[in-house]
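What follows is a set of notes on a single structure, which appears directly below.
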Amino acid sequence: MEFSAELMRQRLGKYKFRDLTIEELKDVHRAFPTFLYSMDTYTFKDGSQKDLLNLSGTVPMKFQGNSYNIPVCLWLLDSHPFAPPLCFLKPTQNMGIRVGKHVDSHGRIYLPYLQNWSHPKSTILGLIKEMAATFEDELPMYSLSAAEAARQKELLSFISRVTDGVGNVDVNAKPPSKVTVIGGGDLALACLLAISAKRAADKLVLLDISDGGSKGGGATDLELFSIPNVEVSKDLTSVAGSKVIIVTVNAWSNAQSYLEVLQSNVDLLRGFVPAMSYHCPDSVLIIASQPVEIMTYVAWKLSGLPYRQVIGIGGNLDSARFQHIVKTLVSSSEESQSGWIIGEQGADKVAAWSDPDSANNHKSAKLYPKLFQEQLTNKAMEVMKGKGQRSWSIGLSVADLTDTIVQNKKKIHSVSSLAKGVFNIQNDVFLSVPCVLGDGGVLGNPQILQLEDHVSGTLHKSATSIYDLQRQLSL
């Protein structure tokens, strides 16, 4: 069958990277000319549906000296090639699915190649070759007897109605408060346990995208000691239906320069963020990867989501600590909530106070004189020098943010948000500022702060430094 690029271009009218996808399909057609292409409706686990390109055909391979042709179908997401295909076996009536390490009972195919998908290194042709190599070690199907074939027909019909795939599926609405944590190390586990303890979500998913050797081994331990309403998964589609997605992955290496480390983190995020936003276009992303300002910017760009739906953990933890110390010093919780830690996380963070002349701030509060504010700030910042940001403390802070968003509390937090147009900053950089958070992410920036010259100068210095680093990254 001849491959028509023009016809394919018409079919892929809604695909974001249509030309790149067509070039890949040309390579597939040259290697596997019998593959068929069609636009069909794919139904996800949350009940949502989308018209996607379906590739179906057979993968030739050998097992114990015998030749086999394994029928498969591949669904290309509309963010392809930046998101991996969804792959299934397509058994005939006389074929049974052999469940194993790389195939589940519904015929869904799981491969390291899919898990580590990264354009342009990963391609459909490379994926098919990886399937053949994997199936040669683990044959995914077997022949059925006549009686088994009759039962298989009923099973395939049932599977098509209740699992991912084509068709009009009647499913229940997605859970009202599902939260996914992405990562496999100590920070991911700390976030997940803190959210679970706070009961901020009805369902929690730990999406472990590590290779199994990450420090901490949180995902493995969680599988050993399971927690109710917590699922451990390596399947990117498991994020579907999440109200909040928390990103904790990092790729630090002493053998790399700082810029190389940043680029490694960018490459990590590129491997899953586009697919993640495809499955959850309405979710709020909380970025805990470091450095948080740059990684939040990267996640925003790669996801294509509105900036209000992408925030970093920023100064939330430090602001909570700052307010607690001030409250202890002055015995006034109302006054203490007028102080915030803003700007860049780390050594360049600064403290700022609400403007008492602003109608948007605490109307009942009588803020302390500026001299006393300076004394409180110096004392609080001195105390905070001895407080590091360990995994468990960041986890508690993330749980606090998650609870506000899921429950739509419209509470103020100091988080990394797009700072362009704020503090006279002109570039697309993320800095921590007090924001009202709710189920749509950032709902507004009501806090008008007193910005002393040294505070404003530090913010602009941070913005310039962050912007210069961002320009050197390859997105």
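The values are calculated or read from the model by the stated rules, or taken from the named source; none is laboratory data. Keep in mind the model is a prediction, meaning the values are calculated, not measured. No Cβ is skipped: glycine too gets one built from the backbone with ideal geometry, and neighbour counts run over all protein chains shown. Accessible surface areas use protein heavy atoms only, side chains included; no ligands, DNA or RNA. Shrake-Rupley method; radii C 1.70, N 1.55, O 1.52, S 1.80 Å.
For region 177-320, the Cα-based Rg and Dmax, in that order, read 14.4, 42 Å. Sequentially through region 53-66, phi angles give Karplus couplings (6.51, -1.76, 1.60; θ = phi - 60°) of 6, 10, 9, 10, x, 10, 9, x, 7, 10, 9, 6, x, 9 Hz, Gly and Pro residues having no value and appearing as x.
Remark: the LYS379-GLU136 segment gains 80.8 nm on full extension, using 0.36 nm per residue and subtracting the alpha carbon distance.
Think of a 1.4 Å ball rolled over the protein heavy atoms: region 234-297 then has 29 Å² of accessible area per residue. One compactness figure for region 257-309 is 1.10, namely its Cα radius of gyration divided by 2.2 N^0.38 Å. With a simple spin-label model that places each label point 7 Å from the Cα along the Cα-to-Cβ direction, the separation between SER48 and TRP252 comes to 3.4 nm. Legend: calculated FRET efficiency, GLN426 to MET39, from the Cβ-Cβ distance at R0 = 51 Å, rounded to 0.05, equals 0.70.
Each principal axis of the Cα cloud of region 1-107 was taken in turn, and the coordinate range along them, longest first, works out to 42, 36, 24 Å.
In Å², what does the accessible area per residue of region 20-132 work out to with a 1.4 Å probe? If you can, show how the numbers build up before the last one.
On the way: 4830 Å² over 113 residues.
Dividing the accessible area of region 20-132 by its residue count gives 43 Å².
With Cα atoms defining each centre, region 378-457 and region 1-24 are spaced 44 Å apart in the structure. Here r is the Cβ-Cβ distance between SER4 and LEU125 and R0 is 25 Å; the resulting FRET efficiency, rounded to 0.05, is 0.85.
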